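The values are calculated or read from the model by the stated rules, or taken from the named source; none is laboratory data. Computed from a predicted structure; not experimentally measured. When we count neighbours, we look across all protein chains shown, and the Cβ atoms used for this are built from the backbone with ideal geometry, even at glycine.
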Amino acid sequence: MPPILDTLPERALIGMVHVGALPGTPRATASIESLARAAADEARILADAGFDAIIVENMHDAPYVHGDVLGPEIVAGMTRAAHAVTSAVSVPVGVQILSGGNAHALAVCSATGAAFIRCENFVFSHVADEGLLDRAEAGPLLRYRRSIGADHVRVFCDIKKKHASHALTADVSLAEAAHAAEFFGADGLIVTGSATGNPTSPADAAEVRNATRLPVLVGSGVTPEDAPKLLEHADALIVGSYIKRDGHWANPVDPGRAAQLIRAARASG
């Protein structure tokens, strides 16, 4: 089994840093400098707790616009935040830009030394809460990665992305989606629950694990209770809700909850 990243251990724990609403979005109240400082502070807490990698994401930018509609101010803001995080911690850093800002995220990684992106629409189409994601990203995204000399940046893609209806692909199983993503060049596959914070089914993780040679990541709803079961099938767990105050993604990181999650996952090994 290839490693998630060359520098990550088996059974890796990846923590989410949700950057505050960026300037230009409806909920923005803070300057980009204060947002970058806060992102770096949260990343340090997670790294000190024992997380093996960090993902920087702009989830506070709701309601989201998709893909080509994303403005240059979002790329600029995420570049500033990602640079602050990569400068603050020694663990690998990833970037996700909502919604569908996958080429944007690759550019941010290339500029800041971040190591990977999370892509929610790599294969097939989805009807998401931000609208119809009608174009699979794999073809144009990997061509763009090659064109900017960023082949070292890994692309981890969601299978049956959360916050979406899958009626259009109801006849495509998780295993078939995994096969398609592997064939199209994904570097790792992410299995999730139906929404942020909702548990991921161990059976779903097992189905994808049995369908692919790629690393498998779990992308939502990880708790200390569920972590051992999920790690029976997954190479890494992405955690964004449990580690926040009161277990809600929008709150600041809670060092105690972060440490509890790490203890539970490490004990299961």
Please determine, by comparing only the residues of region 250-269 that are assigned to a loop (DSSP other than H, G, I, E, B) and modelled with pLDDT under 95, which one is surrounded by the most Cβ atoms within 10 Å (Cβ to Cβ). Ser268
Considering (1) within 19 Å of the chain's Cα centre (by Cα); (2) closer than 17 Å to Leu13 by Cβ; (3) not small (Gly, Ala, Ser), say which one Lys229 fails and leave the rest. (1)
When you check Ala186 against the structure, is it touching a Phe, Trp or Tyr at 6+ places or on another chain (Cβ under 7 Å), free of Cβ contacts under 8 Å to residues at least 60 places away in the same chain and within 19 Å of Arg135 (Cα to Cα), yes or no? no
Report, by residue number, each residue of region 177-218 that is of a type in the set (Ser, Thr, Tyr) and either at pLDDT 95 or above or under 13 Å from the mean Cα position of the chain (by Cα) (or both). Thr192, Thr196, Thr212
Testing Ser99 on (1) touching a helix residue (DSSP H, G or I) at 6+ places or on another chain (Cβ under 8 Å); (2) outside any helix (DSSP H, G or I); (3) within 20 Å of Pro255 (Cβ to Cβ), one condition comes back false. Which one is that? (3)
Name, by its number, the condition in (1) under 20 Å from Val69 (Cα atoms); (2) of a type outside the set (Gly, Ala, Ser); (3) at pLDDT 95 or above that does not hold for Ile148. (1)
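Condition test on Leu22, is it touching a residue at least 40 places away in the same chain (Cβ under 8 Å), assigned to a loop (DSSP other than H, G, I, E, B) and more than 19 Å from Ala128 (Cβ to Cβ)?
Values: touching a residue at least 40 places away in the same chain (Cβ under 8 Å): yes; assigned to a loop (DSSP other than H, G, I, E, B): yes; more than 19 Å from Ala128 (Cβ to Cβ): yes.
For Leu22, the condition - touching a residue at least 40 places away in the same chain (Cβ under 8 Å), assigned to a loop (DSSP other than H, G, I, E, B) and more than 19 Å from Ala128 (Cβ to Cβ) - is met.
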Quick one: how many residues across region 210-249 are surrounded by fewer than 21 Cβ atoms within 10 Å (Cβ to Cβ), over 23 Å from Ala43 (Cα atoms) and touching a residue at least 40 places away in the same chain (Cβ under 8 Å)? 2
Kindly establish whether Gly193 is on the phi > 0 side of the Ramachandran plot and part of a loop (DSSP other than H, G, I, E, B). no
Quick one: in region 25-53, of everything that is touching a strand residue (DSSP E or B) at 6+ places or on another chain (Cβ under 6 Å) and part of a loop (DSSP other than H, G, I, E, B), which residue is surrounded by the most Cβ atoms within 10 Å (Cβ to Cβ)? Phe51
Look at Asp171 and say whether it is of a type outside the set (Phe, Trp, Tyr), outside any helix (DSSP H, G or I), out of contact with any Cys (no Cβ under 8 Å at 6 or more places or on another chain) and modelled with pLDDT of 95 or more. no
Any hit, region 106-113, residues being closer than 19 Å to Ile238 by Cβ, in contact (Cβ under 8 Å) with a residue 40 or more places away in the chain and not hydroxyl-bearing (Ser, Thr, Tyr): yes
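Quick test for you: out of Ala150, Ala180, Ala186, pick the one residue that is outside any loop (DSSP other than H, G, I, E, B) and surrounded by 14 or more Cβ atoms within 10 Å (Cβ to Cβ). Quick ask: steps written out before the conclusion?
Working: Ala150 fails: outside any loop (DSSP other than H, G, I, E, B); Ala186 fails: outside any loop (DSSP other than H, G, I, E, B).
Criteria check complete, one pass: Ala180.
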